[in-house]
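The values are calculated or read from the model by the stated rules, or taken from the named source; none is laboratory data. The structure presented is a predicted model; accordingly, all values stated were derived computationally and were not measured. We place every Cβ from the backbone using ideal geometry, glycine too, and count neighbours over all the protein chains shown. Only protein heavy atoms, including side chains, enter the accessible area calculation; ligands, DNA and RNA are left aside. Shrake-Rupley method; radii C 1.70, N 1.55, O 1.52, S 1.80 Å.
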Amino acid sequence: MNYFLPPYPERPREPLPLPTAIRMARRNFLGVFEEKCFEYEFFSIRILNRLAFVCNSPDTVARAFITLHDSFERKTPQMRYALAPLIGDGLFISDGAVWKQRRRIVAPIVHASRLSSFAPTMVEAAAETAERWARLPAQTEIDALREMATLTAEIICRTIFGPRLGAEHATEIIASFSAYQREVHHLDLAYMLGIPDWLPRFQSRSARRAARRIIAVLDHIIQLCEERLASGEPSMMRLLLEARDPDTGGALDRTALRNEAAVIFMAGHETTANSLAWTWFLLSQAGDAEERLHAELSAVLGSRLPTLDDVPRLVFTRAVFEEALRLYPPVPLLGRQAMRDEVIHDRPIPAGSLLAVVPWLLHRNKRLWGLPDHFVPERFLPENAALRQRYSYVPFSVGPRVCAGQAFGLTEAILCLATLAQRSRLRLVPGTVVEPIGRLSLRPGERLPMRVEPRG
């Protein structure tokens, strides 16, 4: 079978000179990795006054993120500075006692055991999008990235917070988050120069403005939630308000509540939206996979909408999405800061060093994957599970800091993909150049122009 080879940034044959690498990292850090990096198991680079180590094999990933978790618990300074204006000390960037307390409180809110109450709302929102697409004139051009961001933002708002987000607020928060990502970078030059963590970092006026717009929408959502709570209407937000630390009995204060609500909203819509957009692009270029997906939907669902009970039977639908996550991991770099001296692969890791698991590299490692750069959904079918090494695939991270919403995101994606693909197929607008851009998340550029075609 001829498998589709999707686009990726050009890979240098040799390591880039430092000034060139810094410029590339600030534009699109995916382009800094030379071809050999996709074969290494563990390697290090010096960036100005700091050492950075990359774990790129199952055993080094497990050692860093599981065995030595306490030594590499802390997120990198750049990630903390980039996200603090949006989520404060939220779960995604907190560490130590704060992280442990928030994890105990927040994780049960999005646990897999609650999917039975989430799934109908996911399908409802996806069906509304499918209906809207069906009313569009033939060959109407849409921005698939924005469409998926709008859909997932609406789902996270309805499932977790209760009220509908609405088109106006969805547009505002999606545009603001895109603008914010354009202004922040994966490389904190101040840290690389050896400047202490506690010194504040500069943020551009446009980044601060985008952050204020995002926070305004989130505050509006929380206000709506509080009004619903006062009227006695149920929502998952009530669980967050009523949640108590099982060890101390403590509740979240107002600031912590807002920060964790921001984490849930951002994590719940941005990463899934990007991955769904990538899935539509891949299907549009891989006719055999698209036909097999449609055949499965017809066999399992017929003409009815999917339910949570259908998810285990939609094995190829899930395989398509998981392969999209492999090729285009939503968070392409999982960075940590060494809190004490450690050793990995007989290499000393001094305290203060940067350590990273880079799913962009790991998921395309030539020693771990056949046809590593090709779109091969079959590799994720149940009968092929034994061919994958544990910890070679980490789109949701791994270890104690694994994404608490992993089951939520996977179920949401499968149900949305099934609901929409029942009625429509998307085609890339001719002449469109798709380039993966690695910033806080991995996006197909600023937009993904596609045309909606009805399925017969």
- request: Could you please give the count of residues in the range 69-112 that are among the charged types (D, E, K, R) and touching a Leu at 6+ places or on another chain (Cβ under 9 Å)?
  value: 3
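Yes or no, residue by residue, for (1) touching a strand residue (DSSP E or B) at 6+ places or on another chain (Cβ under 8 Å); (2) modelled with pLDDT of 75 or more; (3) open to solvent by 30 Å² or more (accessible area, probe 1.4 Å):
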residue: I156; (1), (2), (3): no, yes, no
residue: V184; (1), (2), (3): no, no, no
residue: W198; (1), (2), (3): no, no, yes
residue: Q203; (1), (2), (3): no, no, yes
query: What tally of residues in the range 128-145 results from selecting those that are in contact with a strand residue (DSSP E or B) (Cβ under 6 Å, 6 or more places away or on another chain) and among the hydroxyl-bearing types (S, T, Y)?
result: 1
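Residue-by-condition table, conditions (1) assigned to a helix (DSSP H, G or I); (2) touching a Phe, Trp or Tyr at 6+ places or on another chain (Cβ under 7 Å):
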site	(1), (2)
A324	yes, yes
P329	no, yes
R336	no, yes
R340	no, no
V343	no, no
K366	no, yes
A386	yes, no
Q389	no, no
S392	no, no
query: So, in the range 296-314, of the ones that are open to solvent by 60 Å² or more (accessible area, probe 1.4 Å) and outside any loop (DSSP other than H, G, I, E, B), which residue ends up nearest to P430 (Cα to Cα)?
result: S298
field: Residue that is nearest to M339 (Cα to Cα), among those in the range 55-83 that are open to solvent by less than 10 Å² (accessible area, probe 1.4 Å) and not in a helix (DSSP H, G or I)
entry: C55
- request: Identify, from the list V452, V434, the residue that is over 30 Å from Q78 (Cα atoms), touching a residue at least 40 places away in the same chain (Cβ under 8 Å), open to solvent by less than 20 Å² (accessible area, probe 1.4 Å) and touching a strand residue (DSSP E or B) at 6+ places or on another chain (Cβ under 8 Å).
  value: V452
field: Residue satisfying all of: in the range 317-362; open to solvent by 10 Å² or more (accessible area, probe 1.4 Å) and acidic (D, E); nearest to F43 (Cα to Cα) among these
entry: D346
field: Unmet criterion (only one of (1) assigned to a helix (DSSP H, G or I); (2) within 29 Å of A210 (Cα to Cα)) for P9
entry: (1)
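What do you reckon, is I264 assigned to a helix (DSSP H, G or I), at pLDDT below 90, closer than 25 Å to D89 by Cβ and touching a Lys or Arg at 6+ places or on another chain (Cβ under 8 Å)? Talk me through it step by step, then tell me what you get.
Numbers: assigned to a helix (DSSP H, G or I): yes; at pLDDT below 90: yes; closer than 25 Å to D89 by Cβ: yes; touching a Lys or Arg at 6+ places or on another chain (Cβ under 8 Å): no.
Against the criterion (assigned to a helix (DSSP H, G or I), at pLDDT below 90, closer than 25 Å to D89 by Cβ and touching a Lys or Arg at 6+ places or on another chain (Cβ under 8 Å)), I264 does not qualify.
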